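So the structure is just underneath, and the comments pick up after that.
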Amino acid sequence: MSPDCSLSAIHPVPPARDSLPSERPSVADSLAVGRRVLEIESAAVALVAAGLDQAFGAAVALLAAEPGKVIVSGMGKSGHVGRKMAATLASTGTPAFFVHPGEASHGDLGMIGPGDAVIALSNSGETSELADLVAYTRRMAIPLVTITGHHPSTLSEAADVALVLPPLAEACPHGLAPTTSTTAMMALGDALAVALLEWRGFTASDFRLFHPGGRLGRVLLRVADLMHTEAQLPLVSPDTPMADAVVEISAKSLGCAGVIDAQGRLLGIITDGDLRRHMAADLLALPARAVMTPRPKTTAPGTLAVEALGVMNRSAITGLFAVDETGRAVGFLHMHDCLRAGLA
């Protein structure tokens with residue numbers, strides 16, 4: 001080994017750091033830091049809310065007017081915020097995706113075309129990696145909304161609508177790590193997404209279309225998504241002998257039968273409880289109308305399944321007929337259907 005190839009040269013010993021604390025922070029110290037950061041960031045969001053002006057409304061109108069997609073772009077921490085912003089927009093009725101500015105300069109500009117709009121994020125407003133993307137939007141007449149922390153800046157002055165954050169101190173004690181600024185930027189992105197959601201009249205049913213998986217998708221299921229229909233329904237007429245009604249109950253395996261008139265309107269229901277209450281030698285010869293419980297609890301196909309499940313729980317029953325606006329029996333929801341869907 002040559003004299004210059006010492007181990008210390010290969011693996012230099014780091015210099016002593018006089019700034020290191022002599023003792024580890026206590027739990028109370030960490031708690032105080034956490035509260036301080038959250039207070040700083042919550043105050044920043046309140047400041048952004050107080051400073052919203054006509055530019056915000058103009059940005060919403062501009063984005064809503066375009067029939068295509070919203071493309072979000074940013075570098076570094078602003079890029080991470082942009083990815084979340086694009087995901088929130090896409091899940092709330094505004095088609096959107098994230099394009100990395102570096103990839104945009106190497107072919108991904110082809111993802112952006114007529115009818116689209118761009119949201120560019122940069123706290124400084126001087127992010128050089130966004131230059132090609134911004135130039136492309138200007139050349140192709142693609143609407144550009146920017147979110148920056150400085151105005152005037154290169155990015156804010158290039159925009160059709162510039163949303164400018166107020167002066168914000170980072171929660172980092174050195175004032176360096178993007179903390180407060182990214183929180184404010186993300187909150188402003190949420191505000192845009194929700195404003196666009198309301199502009200488009202986006203409903204809970206629309207929301208479920210984009211969230212079929214997970215607990216959220218289950219909670220938004222409607223009775224119509226789970227109910228038994230048509231030939232699966234156990235239905236008899238008021239004059240049907242109970243001998244035939246019992247056969248219908250057994251054949252459809254839902255534990256009951258609905259009693260309907262000639263127009264299909266639900267008149268009553270026959271359950272095992274009704275059978276027990278009328279147990280006698282002549283039970284099977286009785287007509288269904290003599291055994292049924294009239295005016296049973298029902299639901300509508302458009303009702304949330306969790307609401308129908310709540311009715312079952314409160315009424316200590318295991319199923320509900322779904323009726324349309326005319327009272328016709330069009331479906332049946334059993335508690336087991338709700339359990340299989342993961343609603344309880």
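Where the only charges are on Cβ atoms (+1 Lys, Arg; -1 Asp, Glu), what is the dipole of the chain about its Cα centre, to the nearest 20 debye?
It works out to roughly 860 debye.
Summing +1 for each Lys or Arg and -1 for each Asp or Glu, what net charge is found among the other residues whose Cβ lies under 15 Å from the Cβ of ILE142?
Numbers: positive: LYS69, ARG138, ARG139; negative: GLU66, ASP108, ASP116, ASP132, ASP160.
Result for the local shell: -2.
Take every DSSP beta bridge whose two residues both sit in the chain, then give the antiparallel share in percent to the nearest 5.
On the way: 16 of 37 bridges.
Around 45 percent antiparallel, to the nearest 5.
Quote the relative contact order of region 194-307 in percent (integer), defining contacts as alpha-carbon pairs under 8 Å separated by 6+ residues. Could you put the intermediate results ahead of the total?
Numbers: 140 pairs, mean separation 33.0, N = 114.
It rounds to 29 percent for region 194-307.
Set the Förster radius R0 to 35 Å, insert the Cβ-Cβ distance between GLU325 and ARG36 as r into 1/(1 + (r/R0)^6), and round the FRET efficiency to 0.05.
Values: r = 57 Å, r/R0 = 1.63.
The computed FRET efficiency comes out at 0.05.
Run the numbers on region 33-121 and let me know its relative contact order in percent, using alpha-carbon pairs under 8 Å that are six or more apart.
On the way: 88 pairs, mean separation 29.8, N = 89.
With pairs under 8 Å counted, the relative contact order is 34 percent.
If ligands, DNA and RNA are left out, what is the accessible area of ASP206 with a 1.4 Å probe, given in Å² to the nearest 10?
50 Å²
Rank MET85, GLY258, GLY302 by how far each Cα sits towards the positive end of the charge dipole of the chain (+1 on Lys, Arg Cβ; -1 on Asp, Glu Cβ) and give me just the farthest.
Farthest towards the positive end: GLY258.
Taking only protein heavy atoms into account and a 1.4 Å probe, give the accessible area per residue of region 153-308 in Å².
Numbers: 8090 Å² over 156 residues.
Ligands and nucleic acids excluded, the result is 52 Å² per residue.
Quick one: dipole size for region 155-287, taken about the Cα centre, charges +1 on Lys/Arg Cβ and -1 on Asp/Glu Cβ, in debye to the nearest 20.
Details: 9 positive and 15 negative charges, 56 e Å.
Rounded to the nearest 20 debye, it is 260 debye.
If I model a spin label at CYS172 and ASP132 as a point 7 Å from the Cα along the Cα→Cβ vector, what separation in nanometres do I get?
My value for the distance between the label points is 2.7 nm.
Would you please state which residues of region 246-289 a label at ASP239 would reach in this model, taking the label point 7 Å out along Cα→Cβ and a backbone N cut-off of under 17 Å?
259-265, 267, 285-289
Using DSSP H assignments, which helices in the chain have an axial alpha-carbon span of 18 Å or above and a mean Kyte-Doolittle hydropathy of -0.5 or higher? Could you put the intermediate results ahead of the total?
Details: long enough: 27-51 (36 Å, 1.10); 76-91 (23 Å, -0.23); 180-200 (30 Å, 0.79).
TM-like helix candidates: 27-51, 76-91, 180-200.
If you roll a 1.4 Å probe over the chain with all protein chains in place, what percent of the accessible area is carbon or sulfur? Don't skip to the end; give the middle numbers.
On the way: 10970 of 18580 Å².
The value for the chain is 59 percent carbon and sulfur by accessible area.
From the helices alone, meaning DSSP H stretches of at least four residues, give me the mean residue ellipticity at 222 nm for the chain, per-run term -39500 (n - 2.57), in deg cm²/dmol to the nearest 500.
Numbers: 16 runs with 151 residues, N = 344.
Computed mean residue ellipticity for the chain: -12500 deg cm²/dmol.
Using a 1.4 angstrom probe on the protein heavy atoms only, line up SER30, SER253 by accessible area, largest first. Write down the numbers at each step before the final one.
Numbers: SER30 70, SER253 95 Å².
Order by accessible area, largest first: SER253, SER30.
Keeping all protein chains in position, work out how much accessible area HIS174 exposes to a 1.4 Å probe, and write it in Å² to the nearest 10.
140 Å²
Net charge around ALA177, counting only other residues with Cβ within less than 10 Å of its Cβ (Lys, Arg = +1; Asp, Glu = -1)? List each step's numbers first, then the result.
Details: positive: LYS77; negative: GLU170.
Net charge around ALA177: 0.
Provide LYS252, LYS77 ordered by accessible surface of protein heavy atoms (probe 1.4 Å), highest first.
Numbers: LYS252 60, LYS77 110 Å².
The residues order as LYS77, LYS252, largest area first.
Just need log10 I(q)/I(0) for region 210-298 at q = 0.11, 0.17 Å⁻¹, Debye formula, equal scatterers on the alpha-carbon atoms, no solvent, rounded to two decimals.
-0.38, -0.70
In percent, how large is the relative contact order of the chain, given Cα pairs closer than 8 Å and 6 or more residues apart? Walk me through the numbers before you get to the answer.
On the way: 532 pairs, mean separation 43.8, N = 344.
Over the chain, the number comes to 13 percent.
Starting from 0.36 nm per residue, how many nanometres of slack lie between ARG200 and GLU307 once their C-alpha separation is accounted for? Don't skip to the answer; put the middle values down first.
On the way: separation 107, 0.36 × 107 = 38.52 nm, distance 2.64 nm.
Full extension from ARG200 to GLU307 adds 35.9 nm.
Give me the one-decimal nm value for the distance between modelled label points at ALA49 and ARG83, 7 Å along each residue's Cα-to-Cβ direction.
2.9 nm
From the C-alpha gyration tensor of region 120-241, pull out the three semi-axes of the equivalent ellipsoid (sqrt of 5λ each), sorted largest to smallest, in whole Å. Intermediate values should be presented prior to the final figure.
Working: eigenvalues 519, 73, 26 Å².
Taking √(5λ) for each Cα gyration eigenvalue gives 51, 19, 11 Å.
With θ set to phi - 60° and the Karplus curve 6.51 cos²θ - 1.76 cosθ + 1.60, what are the ³J(HN,Hα) couplings of region 106-117 in order, to the nearest whole Hz, using x for Gly and Pro?
Karplus values, whole Hz, x for Gly and Pro: 10, x, 6, 4, x, 6, 10, x, x, x, 8, 9.
Of LEU286, LEU47, which has the most accessible area with a 1.4 Å probe, and how do the rest follow in descending order?
Working: LEU286 45, LEU47 85 Å².
If we order LEU286, LEU47 from most to least accessible, we get LEU47, LEU286.
The values are calculated or read from the model by the stated rules, or taken from the named source; none is laboratory data. All of these numbers come straight from a predicted model, not from anything done at the bench. Don't worry about glycine lacking a Cβ; one is built from the backbone with ideal geometry, like all the others, and counts go over all protein chains shown. Ligands, DNA and RNA are excluded from the accessible area calculation, which covers all protein heavy atoms including side chains. Shrake-Rupley method; radii C 1.70, N 1.55, O 1.52, S 1.80 Å.
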